[in-house]
Amino acid sequence: MDGEGGSSGLAKSAAVKLSEMGERTKQLGTAMRDPHQQRRIILVIVCVALLLDNMLYMVIVPIIPDYLADLELEQSEHVHAVMHSNTSANSTSQDKSNKDNLDIQIGILFASKAILQLLVNPLSGTFIDRVGYDIPLLIGLTVMFVSTCIFAFGENYATLFMARSLQGLGSAFADTSGIAMIADKYTEEAERSRALGIALAFISFGSLVAPPFGGVLYEFVGKRVPFIVLACICLADGLMLLTVIKPFSNRTRENMPVGTPIYRLMIDPYIAVVAGALTVCNIPLAFLEPTIANWMETTMHSSQWEMGLTWLPAFFPHVLGVYITVKLAAQHPNLQWFYGAVGMVIIGASSCTVPACKTFGQLIAPLCGICFGIALVDTALLPTLAFLVDVRHVSVYGSVYAIADISYSVAYAMGPIVAGQIVHSLGFVQLNLGMGLVNVLYAPALLLLRNVCQMKPSYSERDNLLDEAPQGLYDTIKMEERRAKKKGYSSAGNCLSVDENGFDPFRAQRSLSEESSGPECT
């Protein structure tokens, strides 16, 4: 009897625990269905993806030059062992040629990610607009995981180049779909600015912490470990995406609006001004990253740790710039263009003062100024792109953020290749003065954005975009509502149109009876 009683007690205890687990699972499922809770988790997933992507971009900075130099040394030693007849002069000439060739290889390897990202982004933006944001994000994380594993175990230049290029392919999908997903989930301008500001902070942290992270692990445990760690983070983020968002379980894309083609967004003058500002403001960072270490070594005889930690202090002013811009944008959203212009002026002034620095301590100040200015520009203008799409086109964000990613990729594709040539031909001082002047001269162009906040969604613009028949249920319904509205207002006298009253057809959900009740007269 005691045994039966004990068994019964264990059974009851197990039943209670199972019931508690079921209740917790149910609570978790309920929390995941809560839109506010779900978009917070989506923000975390996207921020981790952006952190990972930027760490992958910068982690090779302290690793690859030394690793490729060792490979080159092994090859040159083998050549010298075979060819004993070389004179010392020929040997010196060969060493110089090998060094020049190595510099070219490093520059091409650094730039290959941004170049492929630049080429793929027009296609990835269109693809994202067609299928939504979750599947492209999963594709990007998968490609980044595979490429990072290849990079970890690659032992020759061709393999490393292929892996680096694949990282660019993954980034073209992950970055664009991630930022577009944030813009789509956070529709209020203040919330959107705050969420994009958090994403930018993760981007900054990934870019600035990756070189010391990679350098320390490479020094003590070898080349493979930094990339294996990043591959594990990528795998965990992808599994979280599959668990939380379940991209293959709910396909309602057919009922969503048809996005504006990317080529039409590119010729929008307001979007073009923003894209130009994003490219110009990132040029100093993209051009200084591959050139400043050699300049520090020759000018101020900096140690290896100083060169490795050059950009790390700039993380804090970057986060400060994001925080300040988000707060200012919440209070004065009509001055987003002004915050961006101020940021470009700060970037220009800081770039011009870099060559005047004589010590490592002095150099930190202008580099912090550059990152602070970039934070102002990015945090002010990335939400502006989403707002421009809302009021001038269709609220689908894949293509417009593909344009933003193209803007970044232009700067970072040119940096490793062009910057070294400019320094070699003109000098480091002229490079910085040129970058500073370009930023200061471009700042007044942002005046074109000063009236953006006064724009209203326009039916006529949406009609003009739909040259062909409406595609999908969403467009068909909206077109029918629009026609019914126009018929109902045709006999109205001295009345303002719905457009001029600021009615937003892409967000307001009203029935036809309410819409047809009559216009608001002045």
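The values are calculated or read from the model by the stated rules, or taken from the named source; none is laboratory data. Quick caveat, the model's predicted, so the values are computed rather than measured. Cβ atoms come from the backbone with ideal geometry, glycine included; neighbour counts cover every protein chain shown. These area figures cover heavy atoms from the full protein model, side chains too; ligands, DNA and RNA do not enter into them. Shrake-Rupley method; radii C 1.70, N 1.55, O 1.52, S 1.80 Å.
Annotations for the structure displayed:
- Here the accessible area is traced with a 1.4 Å probe on the protein chains. For the stretch 112-258, carbon and sulfur cover 72 percent of it.
- Taken one residue at a time, the phi angles of the stretch 174-191 give Karplus couplings (6.51, -1.76, 1.60, θ = phi - 60°) of 5, 4, 5, 5, x, 5, 5, 5, 4, 4, 6, 7, 9, 8, 6, 4, 5, 5 Hz. Gly and Pro are set to x.
- Peptide packing: for 117-129, 395-407, 223-235, the average count of neighbouring Cβ atoms within 10 Å per residue gives the ranking 395-407, 117-129, 223-235, highest mean first.
- From phi via Karplus (6.51, -1.76, 1.60), per-residue ³J(HN,Hα) for the stretch 307-312 in Hz, x at Gly/Pro: 5, x, 9, 4, 9, 4
- For Trp311, residues with placed amide H under 5 Å, excluding near neighbours: none
- Accessible area of the stretch 260-383 belonging to carbon and sulfur atoms, whole % at 1.4 Å probe: 71
- Around the Cα centre of the stretch 203-347, unit charges on the Cβ atoms of Lys, Arg, Asp and Glu (plus for the first two, minus for the last two) sum to a dipole of about 520 debye.
- Ordering of 341-353, 325-337 by burial proxy (mean other Cβ atoms within 10 Å per residue, highest first): 341-353, 325-337
- With protein chains left intact and a 1.4 Å probe, residues in the stretch 284-358 average 46 Å² of accessible area per residue.
- Normalised per residue, the accessible area of the stretch 373-421 is 17 Å², obtained with a 1.4 Å probe and no contribution from ligands, DNA or RNA.
- Flagged links, alpha-carbon separation over 31 Å, of Lys246/Lys327; Lys113/Lys185; Lys113/Lys246: Lys246/Lys327
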